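In what follows, a structure is listed as structure tokens, so that the remarks can point back to it.
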Amino acid sequence: MTDRTVLAISGDDRVQFLQGLVTNDVIKANDDIIYTALLTPRGKFIADFFVIGEPDRLLVDVAASHAQMLGQRLMMYRLRAAVTIEQTELVVSRGTGQPPDGAFADPRHPAMGWRAYGEKDLSDTTDWNALRVANLIPKTGLELTEDTYVLEAGFEALNGVDFKKGCFVGQEIVARMKHKTTLKKGIAQVSIFGDAAPGDAITADGKPAGTLHSVAGDKGLAYLRFDRAEGTMQAGQATLTRLK
């Protein structure tokens, strides 16, 4: 998987350091894997990634497009913490068949198979785009952008946020959205009848209703205004319907 980079966080303060920054409970990554994100203080998305706890370090499996930026952000927060952050040469593999030794089940959804880390790529030929769309899994750079609030992207259902772990960057905004509001916008699965492409604007009765992102066959993932997504919508030359 050339689109992934693995960083390593080492040092005595590594767990405490990351625990105070990210949306999920890093302690759960001890000899295991978690899915999490780093947010801005205003609760907006910076990067999503997996954390794997090894005996003497934490591995961070992140999109290659966001690896350098994530590393810089973590260094900015390091201050006097006893941690070092460096890029590794580990290769990320994933698949949906028989997992190799040492693989981890993808924590986001059972259908997303396994992930493994080593010297060789052991990935299979799964159609990951179709699998993501079928199971409402957002992707960095598509559904997950700098304007994204992670609860609107389904992070709670993806086991990506822990409201009992304590403080993290952006927590106040995330908690407010969780407990004090009903989400009016978010990522949803849609059926597509006709021709539409990622990035097409979605309208309903001539009014803006959202944006189409990932497309796989006759289904897609779209960011929608839910109050305008109750009936049929239009994008490109296609008719869209929200799938609930």
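The values are calculated or read from the model by the stated rules, or taken from the named source; none is laboratory data. Here the structure is a predicted model, which means the values were calculated and not measured. When we count neighbours, we look across all protein chains shown, and the Cβ atoms used for this are built from the backbone with ideal geometry, even at glycine. Only protein heavy atoms, including side chains, enter the accessible area calculation; ligands, DNA and RNA are left aside. Shrake-Rupley method; radii C 1.70, N 1.55, O 1.52, S 1.80 Å.
Among the residues making up segment 97-107, a single one is open to solvent by less than 40 Å² (accessible area, probe 1.4 Å) and either farther than 20 Å from GLY53 by Cα or in contact with an Asp or Glu (Cβ under 9 Å, 6 or more places away or on another chain) (or both): PRO107. The residues of segment 152-164 that are under 18 Å from LEU21 (Cβ atoms) and hydrophobic (A, V, I, L, M, F, W, C), listed by number, are PHE155, VAL161, PHE163. Within segment 214-234, how many residues are over 25 Å from the mean Cα position of the chain (by Cα) and hydrophobic (A, V, I, L, M, F, W, C)? Selection size over segment 214-234: 1. Among the residues of segment 39-66, the ones that are without any contact (Cβ under 8 Å) to a residue 40 or more places away in the chain and open to solvent by less than 30 Å² (accessible area, probe 1.4 Å) come to 3 in all. Scanning segment 137-170 for residues that are without any contact (Cβ under 8 Å) to a residue 60 or more places away in the chain and open to solvent by 30 Å² or more (accessible area, probe 1.4 Å) gives GLU156, ALA157, PHE163.
Name the single residue that is nearest to ILE34 (Cα to Cα) among those in segment 90-105 being part of a loop (DSSP other than H, G, I, E, B), in contact (Cβ under 8 Å) with a residue 24 or more places away in the chain and of a type outside the set (S, T, N, Q). For segment 90-105, the residue satisfying everything is LEU90. Checking the structure you have, find out if any residue of segment 57-65 is outside any strand (DSSP E or B), touching a helix residue (DSSP H, G or I) at 6+ places or on another chain (Cβ under 8 Å), over 19 Å from GLY113 (Cβ atoms) and not β-branched (Val, Ile, Thr). No, there is no match, as no residue in segment 57-65 is outside any strand (DSSP E or B), touching a helix residue (DSSP H, G or I) at 6+ places or on another chain (Cβ under 8 Å), over 19 Å from GLY113 (Cβ atoms) and not β-branched (Val, Ile, Thr).
Scanning segment 184-238 for residues that are of a type in the set (Lys, Arg) and open to solvent by less than 70 Å² (accessible area, probe 1.4 Å) yields a count of 1.
Entry remark, segment 1-23: residues being in a loop (DSSP other than H, G, I, E, B) and either touching a Pro at 6+ places or on another chain (Cβ under 9 Å) or among the aliphatic types (A, V, I, L, M) (or both) number 2 in total.
Of the residues making up segment 144-166, those that are touching a helix residue (DSSP H, G or I) at 6+ places or on another chain (Cβ under 9 Å) and assigned to a loop (DSSP other than H, G, I, E, B) number 10.
Take segment 108-126 and flag every residue that is in contact (Cβ under 8 Å) with a residue 40 or more places away in the chain, part of a loop (DSSP other than H, G, I, E, B) and open to solvent by 30 Å² or more (accessible area, probe 1.4 Å). Of everything in segment 108-126, those that are in contact (Cβ under 8 Å) with a residue 40 or more places away in the chain, part of a loop (DSSP other than H, G, I, E, B) and open to solvent by 30 Å² or more (accessible area, probe 1.4 Å) turn out to be HIS109, ASP121, SER123.
Against the condition surrounded by fewer than 14 Cβ atoms within 10 Å (Cβ to Cβ), farther than 28 Å from ALA67 by Cα and among the basic types (Lys, Arg), how does ARG176 come out, does it pass?
So ARG176 fits the description; yes.
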